[in-house]
Amino acid sequence: MDNESTLSTIYSEDVSLMVVILDINPLFWTSVNSNTNSLTFTKFMDQFLPLLNSVLLLNQLNEIVLIAHGINSCGYIYNSSMENRRGGKRGPAFFAEVSEKLKEFMEADCLHRKGAKSTSTIVPSLLSGSLSLALCYIQRVFRSRPIYPRPRILCLQGSPDGPEQYVAVMNAIFSAQRSSVLIDSCVLGLNSAFLQQASHITGGVYIKPQQLDGLFQCLSMVFATDVQSRSFLQLPKPAGVDFRASCFCHKTTISMGYICSVCLSIFCKRHKKCSTCGSDFNRPNSNSKSSPVQKSKRKLDDR
Amino acid sequence: MFATVGGSGGSAIGQRLSGFENPRSSNSGNKNRQRVQGRGSNGVDDDDDDDDDDKEQDDDGRGEGLDAWERAYADERSWESLQEDESGLLRPIDPQTFHYAQYRRRLLLRSSAEQESSSLRIQKGLIRYLYIVIDLSRAAGEMDYKPSRMAVVAKCTEAFIKEFFDQNPLSHISLVTIKDGISQCLTELGGNPESQIKSLMGKLECSGDSSLQNALELVHGYLSQIPSYGHREVLILYSSLSTCDPNDIMVTIEKCKKAKIRCSVIGLAAEIYICRYLCEETGGSYSIALDQSHLKELLLEHAPPLPAIADYAIGNLIRMGFPQRGVDSLISTRSCGEELKVGMGYTCPRCYARVCELPTECRVCGLTLVSSPHLARSYHHLFPIPTFKESSDPAPTSNLYQKSRRMCFACQQDLVNQGSNNKSFVDVSCPKCKQHFCLDCDIYIHEILHNCPGCESQPHSKNGLNNK
Ligand SMILES: [Zn+2]
Ligand SMILES: [Zn+2]
Ligand SMILES: [Zn+2]
Ligand SMILES: [Zn+2]
Ligand SMILES: [Zn+2]
């Protein structure tokens, strides 16, 4: 924090801080391997690392932070502003260093694994953790400098969404929106409803590349541009975001439903009791005149 | 005419002098910083550590860039930036420590209130119907707040309305004014922050007396019509020191209590007995603002939903629609607003009418229309993250990638003693995941993010919404 003070005054709008969130879910990458449409992790790294390098080369003040998440842990892998202070490496040495660290992280993530789960289904990786880390880091940059680079987050996600992360991911999205941080996303596996919403709400770009062989071209065309220059480009347009809700009871997507007035849980049909907060909906009140009538009818039928 | 005149001017002044309880310097840490610095050049040693603090940007930019001799002394309470230490010496307040201490107190207060009210189930009043009553009587023209009380009230209300809708997307607000002893409804109950703010800014004139009873009667009339699941609240921003009422105000207060309307008052002058009585009777809160930043802080305390009092509102299922965003480029006219607009919109799933903004009520069939992110904005109220514990023991270095330095798990900031005279703790840890965090992250995590990065970086235990 000492040497920065002289540099930091030069930062402006066209300088970017790019926080890259990389999904290294071992289960995803091994399953991809066996598919015909193959993109092995090493092949992916060959396409991905040049992106980092080119962003750093676009402007010498650009910064990159790389955060990885697997199925058991999240962690910082690389931070260009810290490396620069130590006399940062560029080119092949940089590639080697980052991939070495990622490999270590991936191995550690596998070791953490408790019990032998079946590898046939992909366990969702911890997207919410990485997003939270990224946002905390961006806040630190905000408070430590008078003029800061324009921050954005790029998510490279392979594994499917984890429904249990819904609340946490949404919290992260709203916090990003609040501090006007864009979330760009590039999905390598199935479409991700989380990231579609994240990019839509924060004004980022969401893409699902058709051909993974030309990934670098796609990444560099879309995600290397800074936020200011994006208005000059024809970026891929979102193909409608599904904002319909899914009910808590069956996880089916519904366009009309019932909402608990106490906790706002969503249900597809009337329930007697809220399964989230335990509110009893059968208490007599002026709004539900129909239910006591139905009840008495049912009683008559039983007899 | 029955007039209840009360007021113990002493209480506000007493508070004003009570040393550390100094809200003036809470929000605008920057102002203090300036002061501390100014003094520093006059002899008191100015630590180098303050460097990065000074660069911090503050949205509350008054008094910025002014040197000590440029500021007006009428405005200046220089004694407030001093603090007494253990040995009785006066020293400048370290703004960062102070800011943090304030946050901490707020957090603890909130978490204890939560535990008290709902040890079994989390229940919060998420669907709120709030009437903001603004006193525009003669007293609102007083200039003790700069430029005037009503201008400051309007500015703070604007910030409050925005924050309110951010935190309570399905709630409704209406503005009521008191002028010439008569109370008037400025805007209808609604969910559109822009139109509310606009109409308030257009009506900023003050005259005559203030009448608490008239305002309560008006609001009571409106609030008795809302659905039973809604939480009825009134927030009164009271400038004057008296109330000039047509009948017995006690009867009106009793009526509000029966209608389960929670009344809260924020006073701008001094404590008045009748206001305290009203708040105590109806379960609201009463506070007196000391200055502009304190007023804003008090107001914003009303933004998060309060723990629901069990029988204040009845749990109910509300039918709602989740319209999809139309992607067709057909020219379609929508029925909202006066003018007809053309272009993108949403379609009501029941009657296929077009609406342009969510959340709203369908103009044709009356169905409440929301999108799932609107609902998700409220979910963090239901799953609060634990209060972090202050820790003085060194952070464990379990993670391979964090080397041997102690740093904040979330932002990688070194957890060394940064503050100059910071004898207290430097980091906090989450009781659940045992990760350590810096104080700045602690504030950010609890006030804005609502996720513990440590807990989120572990395989999820059964705590999500969708897990049973
Ligand atoms: Zn269902
Ligand atoms: Zn519920
Ligand atoms: Zn309709
Ligand atoms: Zn931190
Ligand atoms: Zn935790």
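The values are calculated or read from the model by the stated rules, or taken from the named source; none is laboratory data. What you see is a predicted model, and the numbers here were worked out from it, not measured in a lab. Cβ coordinates were reconstructed from backbone atoms using ideal geometry, including for glycine residues, and neighbour counts include every protein chain displayed. What goes into the accessible areas is simple: the full protein's heavy atoms, side chains included, and nothing from ligands, DNA or RNA. Shrake-Rupley method; radii C 1.70, N 1.55, O 1.52, S 1.80 Å.
Could you run through the range A:217-261 and say how many residues are closer than 25 Å to A:Leu58 by Cα, open to solvent by less than 50 Å² (accessible area, probe 1.4 Å) and not small (Gly, Ala, Ser)?
The qualifying residues number 9.
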Quiz prompt | Sole exception among (1) open to solvent by 50 Å² or more (accessible area, probe 1.4 Å); (2) at pLDDT 85 or above; (3) of a type in the set (A, V, I, L, M) for B:Ile443, by number | solution = (1)
Exercise. Go through the range B:359-378 and give me each residue that's open to solvent by 30 Å² or more (accessible area, probe 1.4 Å) and more than 8 Å from ligand 3 (Cβ to nearest atom).
Key: B:Pro359, B:Thr360, B:Glu361, B:Thr368, B:His374, B:Arg377
Self-check item: Which numbered condition B:Glu188 misses (of (1) within 24 Å of B:Leu241 (Cα to Cα); (2) open to solvent by 30 Å² or more (accessible area, probe 1.4 Å); (3) not in a helix (DSSP H, G or I))
Solution: (1)
Self-check item: Per-region count, the range B:343-359, residues more than 14 Å from every other protein chain (Cβ to nearest Cβ) and either under 30 Å from the mean Cα position of the chain (by Cα) or at pLDDT below 50 (or both)
Solution: 1
Quiz item: Here is a list of conditions, (1) more than 15 Å from ligand 2 (Cβ to nearest atom); (2) more than 7 Å from chain B (Cβ to nearest Cβ); (3) not in a helix (DSSP H, G or I), and A:Cys249 meets all of them except one; can you say which number that is?
Solution: (1)
Quiz item: Within the range B:360-394, how many residues are more than 8 Å from every other protein chain (Cβ to nearest Cβ) and either more than 21 Å from A:Gln197 (Cα to Cα) or of a type in the set (Phe, Trp, Tyr) (or both)?
Solution: 18
Exercise. Hey, can you tell me all the residues within the range A:252-266 that are closer than 14 Å to B:Leu317 by Cα and more than 9 Å from ligand 2 (Cβ to nearest atom)?
Key: A:Met256, A:Gly257, A:Tyr258, A:Ile266
Quiz item: Any idea which of B:Tyr286, B:Tyr273, B:Tyr277 is touching a strand residue (DSSP E or B) at 6+ places or on another chain (Cβ under 7 Å), aromatic (Phe, Trp, Tyr) and at pLDDT 90 or above?
Solution: B:Tyr286
Practice problem: May I ask you to verify whether A:Val205 is at pLDDT 90 or above, farther than 26 Å from A:Ser231 by Cβ, open to solvent by less than 20 Å² (accessible area, probe 1.4 Å) and β-branched (Val, Ile, Thr)? | Solution: no
Quiz item: Can you tell me how many residues in the range A:153-184 are within 8 Å of chain B (Cβ to nearest Cβ) and over 19 Å from B:Ala376 (Cβ atoms)?
Solution: 0
Quiz item: B:Ile197 is checked against (1) at positive phi; (2) open to solvent by less than 40 Å² (accessible area, probe 1.4 Å) and fails just one. What number does that condition carry?
Solution: (1)
Exercise. Output the strands (runs of 3 or more DSSP E) that fall wholly within the range B:231-324 and possess 2 or more residues being in contact with a helix residue (DSSP H, G or I) (Cβ under 7 Å, 6 or more places away or on another chain), or say none.
Key: B:231-238, B:242-245, B:261-267, B:286-288
Exercise. Could you tell me which of the residues A:His112, A:His69 is modelled with pLDDT of 90 or more and within 12 Å of chain B (Cβ to nearest Cβ)?
Key: A:His69
Exercise. Identify all residues within the range A:245-303 that are at pLDDT 75 or above and farther than 21 Å from B:Ser378 by Cβ; write none if there are none.
Key: A:His250, A:Thr252, A:Lys269, A:Arg270, A:Lys272
Quiz prompt | Checking A:Gly214 against (1) surrounded by 15 or more Cβ atoms within 10 Å (Cβ to Cβ); (2) away from ligand 3 (no atom under 16 Å from the Cβ), the condition it does not meet | solution = (1)
